[in-house]
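Down below is the structure, laid out as structure tokens.
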Amino acid sequence: MIEETKFLNAPATPPKMLMLPTEYRLMFELEDHYWWYVGIRDLLNTLLEKYAPRGNQNLILDAGCGTGANLLELDRYGNTVGIDLSAQAIAYCRARGIARERAWLASAMHLPFRAAQFDLAISFDVICNVTDDARAMAEIARALKPGAPFLVLMPAYQWLWSAHDVAVGTLRRYSRGELRARLEHAGFAIERMSYVNCFLFPIVLAVRMARRSEAHNGAVTQSDLAALPRPLNALLSWIYQLEMKWLARANLPFGASLIAVARKK
């Protein structure tokens, strides 16, 4: 059973959500079949088979659950609760049929849970959006039991910052050293770290570099997320799933994102 703190840990003024409202609608509409989301869920399942075997009654935290697709995926591995700073995201979780007690409106910097409750936590492309990433990581560490794993996905390389990051609210991108330092400072021991989105990196690089001017001139913009022709989406999904199979066995030397597995000390 999840014990919460009645939001006594919440700030007097909730932090501002930086992701554009239109991006949540796109996420909700595309998350079930878009190549990137499908590949990331493959990666998530591969990691969870090792760190949260099915059948165990794990209590799992999704810190930044978005529109809820990963919450549903996590159901196979235990009892899951998600938080998100956006009321719009939580509304989409409700539209997916996720119960009120499983998707909460809260910030990763001020988790409404008592210490040492969770057996595992994930946070995919969320902590990069908050104003104080160190505090968010420390909060997740506080909510985890000693030795519990934390699976965290972050965007890589600050020089890759583009209009996509503006649209989704990314405040920072990370190098391996930066992510390692922040996790260790928050009280985690790094078990594994690898780049992700390596095989398609040349395409990502070309698109992001082409859109950098949008990010700097203040133009109204949107993320790279968009509906694709079915054959193209299928091809990208196939390539990305090949990468996920490789990543299950070995780390990748570069990519558009970083995945880390860390344990609370």
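Taken over the range 149-169, residues that are without any contact (Cβ under 8 Å) to a residue 60 or more places away in the chain and either within 10 Å of CYS128 (Cβ to Cβ) or of a type in the set (Asp, Glu) (or both) amount to 1. Look at (1) under 21 Å from VAL130 (Cβ atoms); (2) hydrophobic (A, V, I, L, M, F, W, C); (3) more than 19 Å from the chain's Cα centre (by Cα) and you find that ALA260 fails only one, number (3). Taking the conditions (1) part of a helix (DSSP H, G or I); (2) of a type outside the set (D, E, K, R); (3) free of Cβ contacts under 8 Å to residues at least 60 places away in the same chain; (4) crowded, with 21+ Cβ neighbours inside 10 Å in turn, ALA89 satisfies each one other than (3). Does the range 192-200 include one or more residues that are of a type in the set (Ser, Thr, Tyr), touching a residue at least 24 places away in the same chain (Cβ under 8 Å), out of contact with any Asp or Glu (no Cβ under 9 Å at 6 or more places or on another chain) and surrounded by 14 or more Cβ atoms within 10 Å (Cβ to Cβ)? Yes, because at least one residue in the range 192-200 is of a type in the set (Ser, Thr, Tyr), touching a residue at least 24 places away in the same chain (Cβ under 8 Å), out of contact with any Asp or Glu (no Cβ under 9 Å at 6 or more places or on another chain) and surrounded by 14 or more Cβ atoms within 10 Å (Cβ to Cβ). Mind checking which residues of the range 47-84 are touching a residue at least 40 places away in the same chain (Cβ under 8 Å), touching a Pro at 6+ places or on another chain (Cβ under 9 Å) and part of a strand (DSSP E or B)? Across the range 47-84, there are no qualifying residues. Report whether or not ALA121 is touching a helix residue (DSSP H, G or I) at 6+ places or on another chain (Cβ under 9 Å), exposed (fewer than 15 other Cβ atoms within 10 Å of the Cβ) and assigned to a strand (DSSP E or B). Answer is no for this residue. Taken as a whole, the range 192-203 holds at least one residue that is under 18 Å from the mean Cα position of the chain (by Cα), under 24 Å from PHE28 (Cβ atoms) and modelled with pLDDT of 85 or more. I'd like to check something: does the range 213-230 contain any residue that is modelled with pLDDT of 85 or more, over 16 Å from TRP35 (Cα atoms) and assigned to a helix (DSSP H, G or I)? The answer is no; no qualifying residue exists. Scanning the range 27-65 for residues that are among the charged types (D, E, K, R) and buried (at least 21 other Cβ atoms within 10 Å of the Cβ) turns up GLU31, ASP62. PRO146 passes every criterion in (1) within 24 Å of GLU184 (Cβ to Cβ); (2) touching a residue at least 60 places away in the same chain (Cβ under 8 Å); (3) in contact with a helix residue (DSSP H, G or I) (Cβ under 9 Å, 6 or more places away or on another chain) apart from (3).
Can you list residue pairs whose Cβ atoms sit under 8 Å apart, with the first residue in the range 98-121 being in contact (Cβ under 8 Å) with a residue 24 or more places away in the chain and the second being among the polar types (S, T, N, Q) and surrounded by fewer than 19 Cβ atoms within 10 Å (Cβ to Cβ)? Count only pairs 6 or more apart in sequence or on different chains. Listed by first residue and then by second, the contacts come to MET109/THR131; HIS110/ASN9; LEU111/ASN9; PRO112/THR5; PRO112/ASN9; PHE113/THR5; ARG114/THR5; ASP119/ASN56. Candidates are the residues of the range 231-264 that are in a strand (DSSP E or B) and out of contact with any helix residue (DSSP H, G or I) (no Cβ under 8 Å at 6 or more places or on another chain); the one that is surrounded by the most Cβ atoms within 10 Å (Cβ to Cβ) is SER257.
The values are calculated or read from the model by the stated rules, or taken from the named source; none is laboratory data. This one's a predicted model, so the numbers in the text were calculated from it and none came from an experiment. Using ideal geometry, Cβ is built from the backbone for each residue, glycine included, and neighbour counts are taken over all protein chains shown.
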